[in-house]
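Down below is the structure, laid out as structure tokens.
The values are calculated or read from the model by the stated rules, or taken from the named source; none is laboratory data. None of these values were measured; they are calculated from a predicted model. When we count neighbours, we look across all protein chains shown, and the Cβ atoms used for this are built from the backbone with ideal geometry, even at glycine. Ligands, DNA and RNA are excluded from the accessible area calculation, which covers all protein heavy atoms including side chains. Shrake-Rupley method; radii C 1.70, N 1.55, O 1.52, S 1.80 Å.
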Amino acid sequence: MAAPYRSVLDQIRLAFPQPVSNRVHDSYFVHSIMRAIDAVDALKSERPILGERTPLDYETARRASIPDTGSSVEDVTADLVRYCEGLTLWGHPRTQQNVVAPATISSLIGVLLSSMYNPNLAWDEYSHRVALAEVEMVAMTARLIGYVPERASGVFTFGGTGTTFYGIKVGLEKALPGSMEEGIREDVVVFASDCSHYCRYNIAGWLGLGSKSLITIPTDLRNSMDMARLREHAVAAVKSGKKIAAFIATMGTTDAFGLDDLKAIVALRDELVITFDLPYSPHVHADAVIGWAWSVFNDYNFEDNPLGFRPKTIRALAGAGQQIRHLSLADSVGVDFHKPGFTPYISSLVLFKDGDDLTLLKRPQEQMPYLYQFGEHRPGMYTMETSRSGTGVLAALANMKLFGKEGLQVILGHIVEMAELLSENLQGHACTTVLNRENFGAVTLFRAYPSEIDTFQINEQEMKDPAYRESLLRHNDYNRTVYDYVHAEGMAGRGVVISITDCYRQTVYGEPVVALKSFILSPFVDEENVQMVVQKVLEAREMVSKG
Ligand SMILES: *Cc1c(COP(=O)(O)O)cnc(C)c1O
């Protein structure tokens, strides 16, 4: 008689895709996926979330334990679907919340295939043609941003944060050769703007530089690094004998789509090397995790405008292009496909202009005796990760093929067109004012004011004049109230869900400016959804004035 465990094993085997072709079982597999999709579909409505958003019971969650016996695939699916309740539908036309992208079917299939067959990008022995896909993606993206693909190299890594992490790590190895082995024994600094992503603190901390070695440079009203201040700080650092691990140029800030002057930063770096006869060239990393996508317009003919964007859109696209086309001047560039590349998380690529840069991080073979004995492609010898999933690579590759350059131009052009429309609509009302008017992306930051306020002047007054401190703070609260109403309406399916930022920038006198924020990243957003934002803000004002 078969051992008792055998019957359970038979059930368990059915729960795996079959290793040997079995069409009948394949249809069971596909059907199981379809049931999941169907069940989630039943949660969809006019509202931009799945099902209901109920309060989260962490108390009960903390008491969870593994069940004594298993369940069927069907029961587990039903269970999993429940965890999707309350999630935001990033692709919903009424979602304008943040830089989170809806994923295409092709990218999802890329994730599925990679998850099923589970390649490990550490080594081509374990990833074979998926390793090739990563090399193709590196070449494709390098070419897109203007690198020489034959010279460049890169790896997919753990998010946009990971891309900057690699950039600074390589810079550290250039500034302090051997620090990979010896550790950091000297003062090293990193420069970034006050609008750059907060992941810089984490990275500096985790790399052992200490977040205090970050030198944060103020930005101008275009959210672009103040070059005069950068120069002062960089010269002072070098004069005092400090090493520079990296200059971080943010090419598309998270809140406002501010763009640093990368060309000027590189020129400053070159000048420092000559003036101070530095024995190394301080690394310049471009955090373009959002901005990279705008490179699809590098060769767009704005005069002929074959895709027929409106003049305002053309102006915005060309405006961003003036900075983005210099991306290839950076020594390394971070790219998030899970932002304006429309893949699921995580799909992030760090590119190096000079492929040899990455080999600065190479570990000796003796440290990894059980891997990499042969083969020519072994990124695992220099990546921070050991196992690296292929999901991000196949998802990104899927979308590059699905869209082509033209498809990305169309999506970006459309969302910028929608953001421009919103901006125009907001500026058309006396009571609302757009804060990042000089930034040309898909994000609009704005404030609403009570009727008695002259919105032509208030921004500048509140931003610069300490006499307006109280006015600023009062209107911060005012905008929080407006947000609460707009948000509630959006979640109830009567409006659009936008978000709020607690500190769009600091005023000259050091107070945070609260702003309402619309980030359009869904290709489904259309004019009516943009007008709805304005309408809801006006409604909120009326509610407030009625008390
Ligand atoms: C989102 C973002 C990051 C962090 O990227 P993750 O993928 O979330 O790790 C870094 N820099 C900028 C400018 C970003 O917008």
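Results for (1) in a loop (DSSP other than H, G, I, E, B); (2) open to solvent by less than 30 Å² (accessible area, probe 1.4 Å); (3) within 25 Å of Ala442 (Cα to Cα), shown as yes or no for each residue.
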residue	(1), (2), (3)
Ile184	yes, no, no
His197	yes, no, yes
Leu221	yes, no, yes
Glu232	no, no, no
Val235	no, no, no
Thr254	yes, no, yes
Phe257	yes, yes, yes
Glu271	no, no, no
Is one or more of the residues making up segment 429-440 open to solvent by 40 Å² or more (accessible area, probe 1.4 Å) and more than 30 Å from the chain's Cα centre (by Cα)?
yes
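Quick grid of which residues meet (1) more than 17 Å from Ala192 (Cα to Cα); (2) within 16 Å of the ligand (Cβ to nearest atom); (3) modelled with pLDDT of 95 or more; (4) out of contact with any helix residue (DSSP H, G or I) (no Cβ under 6 Å at 6 or more places or on another chain):
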site: His233; (1), (2), (3), (4): no, no, yes, yes
site: Gly241; (1), (2), (3), (4): yes, no, yes, yes
site: Ala246; (1), (2), (3), (4): no, yes, yes, no
site: Thr250; (1), (2), (3), (4): no, yes, yes, yes
site: Ala264; (1), (2), (3), (4): no, no, yes, no
site: Asp304; (1), (2), (3), (4): yes, no, yes, yes
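Give Pro67, Pro119, Pro149 a once-over and let me know the one that is free of Cβ contacts under 8 Å to residues at least 40 places away in the same chain, surrounded by 15 or more Cβ atoms within 10 Å (Cβ to Cβ) and either over 30 Å from Thr444 (Cα atoms) or within 16 Å of the ligand (Cβ to nearest atom) (or both).
Details: Pro67 fails: surrounded by 15 or more Cβ atoms within 10 Å (Cβ to Cβ); Pro119 fails: free of Cβ contacts under 8 Å to residues at least 40 places away in the same chain.
On inspection, the qualifying residue turns out to be Pro149.
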Tell me yes or no: at least one residue of segment 377-391 is out of contact with any Asp or Glu (no Cβ under 6 Å at 6 or more places or on another chain), within 16 Å of the ligand (Cβ to nearest atom) and assigned to a helix (DSSP H, G or I).
yes
Quick one: which residue in Ala318, Ala286 is within 13 Å of the ligand (Cβ to nearest atom) and closer than 28 Å to Ile415 by Cβ?
Ala286
So, in segment 325-381, of the ones that are among the aliphatic types (A, V, I, L, M) and without any contact (Cβ under 8 Å) to a residue 60 or more places away in the chain, which residue ends up nearest to Cys199 (Cα to Cα)?
Met381
Condition test on Phe158, is it open to solvent by 50 Å² or more (accessible area, probe 1.4 Å), farther than 26 Å from Thr444 by Cα and touching a residue at least 40 places away in the same chain (Cβ under 8 Å)?
yes
Verdict on Ser295 being within 16 Å of the ligand (Cβ to nearest atom) and out of contact with any Pro (no Cβ under 7 Å at 6 or more places or on another chain):
yes
Please find, within segment 161-182, the residue that is surrounded by the fewest Cβ atoms within 10 Å (Cβ to Cβ) out of those that are among the β-branched types (Val, Ile, Thr) and within 16 Å of the ligand (Cβ to nearest atom).
Thr161
Scanning segment 338-357 for residues that are within 12 Å of the ligand (Cβ to nearest atom) and open to solvent by less than 20 Å² (accessible area, probe 1.4 Å), which turns out farthest from the chain's Cα centre (by Cα)?
Val350
Scope segment 451-472; condition open to solvent by 70 Å² or more (accessible area, probe 1.4 Å) and free of Cβ contacts under 8 Å to residues at least 60 places away in the same chain; matching residues
Glu452, Asp454, Phe456, Gln457, Glu460, Lys464, Pro466, Ala467, Arg469, Glu470
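Considering only segment 414-447, state which residues are touching a residue at least 60 places away in the same chain (Cβ under 8 Å), part of a helix (DSSP H, G or I) and not small (Gly, Ala, Ser).
Filtering segment 414-447 down to residues touching a residue at least 60 places away in the same chain (Cβ under 8 Å) leaves 414-422, 424-426, 429, 431-432, 435-436, 438-447.
From what is left, the residues that are part of a helix (DSSP H, G or I) are 414-422, 424-426.
Result: His414, Ile415, Val416, Glu417, Met418, Glu420, Leu421, Leu422, Glu424, Asn425, Leu426.
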